[in-house]
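The values are calculated or read from the model by the stated rules, or taken from the named source; none is laboratory data. Please read all numbers here as calculations on a predicted model, not as lab measurements. Neighbour counts are summed over all protein chains in view; Cβ atoms, including those assigned to glycine, are modelled from backbone coordinates with ideal geometry. In case anyone asks, the SASA skips ligands and DNA or RNA and just uses the protein heavy atoms, side chains included. Shrake-Rupley method; radii C 1.70, N 1.55, O 1.52, S 1.80 Å.
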Amino acid sequence: MTTDIRLYTAGDAAPVPAWKRRTRWQRLQQAVAPLLRRPGFSLALLVVLFALLAALAPHWLSSFAPYATSPADKLSAPSAVHWFGTDELGRDLYTRVVYGARLSVQAALLAVAIALLGGLGIGVLAGFAGGRLDAALMRLVDVLLALPGLLLALAIVTAIGFGTVPVAIAVGVGIIPGFARTTRAEVLRIKTLPYVEAARLGGASWLRTLLRHVLPNAWGPVAVLATLDFGAAILATAGLSFLGFGAAPPAAEWGTLIASGRHFLITAPWVSLLPGLFVVAVVFSLNHLARSAEEHAR
Amino acid sequence: MKRYLIGRVGQALLVLWGAYTITYFILYLLPGDTLAIMLSASGMEADGLSPEDLAKARAYYGLDRGLFEQYFDLLWRAVHGDLGQSLSLGRPVTALLAERLPQTLALAGLAIVLSLLGGVGLAYLTAYLQWRPLKTALTRLPSLGFSVPVFWMGLLLIQVFAFGLGWFPATGSQGFASLVLPAVTLAIPSAAVYAQVLQRGFQGVWQEPYIATAFAKGLSRAQVQARHGLRNAALPLLTLIGLQVGNTVSGAVLVETIFSRNGVGRLAQEAVLRQDIPVVLAVVAVSAAAFVLVNLIVDLLYPWLDPRIAHTAKVS
């Protein structure tokens with residue numbers, strides 16, 4: 001017995017490491033690495049991260065104050081000092097766009113969160129319950145789809161009042177049906193797979209099966225849709241603010257910025273066009289990320 | 001076929017009723033005293049009136065009745081073509097709609113035609129071209145198309161074509177020239193969607209055996225694409241046209257506001273600003289009706305255009 005041990009330690013100088021499951025982080029790294037090698041994807045990621053950083057800590061990205069007026073250099077063209085130029089009160093537009101990210105990104109996040117909760121709820125319920133409940137819920141989704149998104153949002157805004165939060169809620173309700181449909185389709189697909197059956201046979205409750213087996217696997221397409229709809233929500237909230245139902249004018253908010261700049265379109269086109277260009281960049285990047293992730297998964 | 005037709009029309013009516021009901025309950029159930037809104041719309045304060053006057057006004061407008069009683073009354077009258085009275089303009093909503101609808105229909109109609117031309121054209125070009133870099137760039141273009149805010153695109157077009165080049169008037173609703181810029185603005189997001197779907201459709205169709213057969217027959221690339229590629233790839237577009245009606249109506253609200261056109265979209269925007277609930281309800285109902293109607297037509301056209309699915313077509 002002693003000889004056995006001696007043989008083992010002497011012969012195996014470098015023991016073969018036991019197989020270990022890849023950690024979550026490693027798996028994520030391996031999934032994302034090929035995507036990051038594409039320049040387009042990295043650039044889009046940078047733009048989105050910039051917008052998120054602007055929403056969290058705008059003072060890191062600009063040295064001007066967003067509400068400080070300086071009538072002396074009003075409506076000045078873009079330059080090295082004022083990257084996006086200045087507006088009619090001499091406020092630095094780049095700073096206002098950066099600070100505006102807070103309201104716009106928060107509103108879009110709130111809208112997507114509402115849509116995710118509502119859509120996942122309806123979709124999972126319909127997909128899991130099936131039968132009459134499924135039919136009833138899907139008719140409800142059909143009805144919501146028949147209402148044009150912006151008009152439904154307008155109706156909700158009429159009822160609950162103007163401002164950033166009501167607009168975000170209204171936009172969120174408008175994107176629920178899309179999420180509900182995607183989630184339901186995924187749940188229906190996954191429900192029939194062998195591992196769900198195995199989990200049920202193993203004695204897992206429906207709730208456990210749902211949370212541990214169905215939802216994590218239904219997540220992919222829903223996440224892609226959430227990214228796409230994040231961009232759509234930014235556009236929709238900006239549109240509603242542009243119409244005058246969002247944040248009131250002194251506030252820096254992307255839609256409001258574009259709206260207040262349109263009165264100077266002839267003399268100073270950059271006041272509304274450059275903030276708009278920034279919105280285009282952010283939304284385009286979000287769409288690009290979602291599309292790359294979708295293509296990569298296929 | 002007759003049963004399919006009746007079922008489909010019944011479903012459409014049901015969806016329309018559902019849309020009307022949901023909008024009604026959103027507008028009347030959520031917080032906000034209707035009478036106070038009506039009074040402030042006509043420039044009066046609810047606090048300045050005696051309780052008796054308020055009660056009289058409530059009875060006059062039928063606001064003292066139950067929610068459901070009001071709802072059924074409203075629905076009954078809507079079915080008979082009476083959409084109520086505008087709170088801020090003091091005119092029947094039906095007359096307002098009749099006055100504004102032609103403007104919006106012209107705009108939406110031209111926008112749909114333009115978006116189809118643009119979208120199909122772009123996808124067709126993408127499929128036909130063989131030079132890689134250009135092909136990739138054109139594949140990315142639709143994604144840019146629906147990342148652009150409609151109202152920003154409108155401002156850009158005004159800046160370039162109205163103020164810069166002076167080809168078209170910047171605002172107004174007189175004549176065809178004033179229709180061009182709004183219609184182009186409204187067409188861009190839909191065109192992007194059509195182009196993207198059609199590009200994917202072409203990618204799929206190009207692998208099909210009948211394409212190889214067509215090439216083997218000796219047809220040129222252009223002939224194969226026009227006769228065998230497009231017709232098969234374009235089918236999904238039909239469903240999409242129906243679904244895009246909603247986006248077109250949403251876009252019309254923004255476009256009409258930017259270009260100051262007197263259409264239904266601008267009516268909706270003004271009604272929301274003045275909290276004119278009957279007008280908002282009517283506009284939402286009319287646009288839901290347009291959506292349902294166009295989708296009904298699309299569904300009825302489908303079996304005729306693609307006999308393979310005949311009338312087992314499931315509408316989901």
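Data overview
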{"read-out": "Helix-only mean residue ellipticity at 222 nm for chain B, each DSSP H run of n ≥ 4 adding -39500 (n - 2.57), per residue, nearest 500", "value": "-24000 deg cm²/dmol"}
{"read-out": "Extension gain, B:L125 back to B:I297 (0.36 nm per residue minus Cα-Cα distance, nm)", "value": "59.0 nm"}
{"read-out": "For B:A214, net neighbour charge (Lys/Arg +1, Asp/Glu -1) across residues whose Cβ lies under 15 Å away", "value": "+3"}
{"read-out": "Lysines whose Cα lies under 24 Å from that of A:K191, excluding same-chain neighbours fewer than 8 positions away", "value": "B:K314"}
{"read-out": "Accessible area buried between chains B and A, both sides summed, probe 1.4 Å, in Å² to nearest 100", "value": "4300 Å²"}
{"read-out": "Per residue value of the accessible surface for chain A (all protein chains in place, 1.4 Å probe), Å²", "value": "49 Å²"}
{"read-out": "Where N is the number of residues in the range A:170-298, Cα Rg divided by 2.2 N^0.38 Å", "value": "1.49"}
{"read-out": "Top of B:V150, B:V298, B:V184 by mean-square fluctuation, Gaussian network on chain B, Cα under 10 Å", "value": "B:V298"}
{"read-out": "Selected from B:L101, B:L110, B:L305 as most flexible by GNM, with chain B as the system and alpha-carbon contacts under 10 Å", "value": "B:L305"}
{"read-out": "Reference-scaled alpha-carbon Rg (2.2 N^0.38 Å with N residues) for the range A:207-278", "value": "1.68"}
{"read-out": "Descending principal axes extents, the protein assembly as shown, alpha-carbon based, whole Å", "value": "107, 73, 67"}
{"read-out": "Candidates B:F291, B:F161, B:F68: whichever shows maximal mean-square fluctuation once chain B is modelled as a Gaussian network with Cα springs under 10 Å", "value": "B:F68"}
{"read-out": "Per-residue [θ]222 nm for chain A (sum of -39500 (n - 2.57) over DSSP H runs n ≥ 4, rounded to 500)", "value": "-23500 deg cm²/dmol"}
{"read-out": "Three-way shape call for the range B:222-316 based on the alpha-carbon gyration tensor, with the a/c threshold at 1.5", "value": "oblate"}
{"read-out": "For the range B:84-167: rounded, prolate or oblate by the Cα gyration tensor [a/c cutoff 1.5]", "value": "prolate"}
{"read-out": "Coarse-grained scattering of chain A at q = 0.14, 0.16 Å⁻¹, given as base-10 log I(q)/I(0) from a Debye sum over alpha-carbon atoms", "value": "-1.08, -1.26"}
{"read-out": "Span-like helix ranges in chain A, DSSP H, alpha carbon extent 27 angstrom or more, Kyte mean at least 0.5", "value": "A:93-129, A:164-191, A:215-242, A:270-297"}
{"read-out": "Within the protein assembly as shown: Cβ-based charge dipole about Cα centre, in debye rounded to nearest 20 (Lys, Arg +1; Asp, Glu -1)", "value": "2560 debye"}
{"read-out": "Under the span-like rule (Cα at least 24 Å along the axis, Kyte-Doolittle mean at least 1.6), DSSP H helices of chain B", "value": "B:277-305"}
{"read-out": "Tail beyond 15 Å, pair distance distribution of the range A:102-146 (Cα, percent)", "value": "53 percent"}
{"read-out": "Where only alpha carbons of the range A:101-224 are counted, the Rg and the Dmax (Å)", "value": "16.5, 52"}
{"read-out": "Shape call, chain B: gyration tensor on alpha carbons, a/c limit 1.5", "value": "oblate"}
{"read-out": "For the range A:32-178, Kirkwood radius (reciprocal of mean inverse C-alpha pair distance, Å)", "value": "18.5 Å"}
{"read-out": "Sequence-separation-based contact order of the range B:204-266, relative, with Cα cut under 8 Å and 6+ spacing, percent", "value": "22 percent"}
{"read-out": "Rounded percent of accessible protein surface that carbon and sulfur make up, the range A:185-298, 1.4 Å probe", "value": "67 percent"}
{"read-out": "Of all accessible heavy-atom area on the range A:28-89, the percent that carbon and sulfur account for (1.4 Å)", "value": "73 percent"}
{"read-out": "Residue (of A:I169, A:V214, A:T192) at the positive-pole extreme of chain A, dipole from beta-carbon charges", "value": "A:T192"}
{"read-out": "Percent accessible area from carbon and sulfur atoms, chain B, protein chains only, probe 1.4 Å", "value": "66 percent"}
{"read-out": "For the range B:141-298: Kirkwood Rh in Å [reciprocal of mean 1/r, alpha carbons]", "value": "18.1 Å"}
{"read-out": "Cβ-placed point charges (K, R +1; D, E -1), dipole of the range B:129-257 about Cα centre in debye, nearest 20", "value": "600 debye"}
{"read-out": "Residues of the range A:209-245 with amide N under 17 Å of a point placed 7 Å along Cα→Cβ from A:L201", "value": "A:209"}
{"read-out": "Surface per residue (accessible, 1.4 Å probe) for chain B, Å²", "value": "49 Å²"}
{"read-out": "Of every Cα-Cα pair in the range B:120-163, the percent that sits beyond 16 Å", "value": "52 percent"}
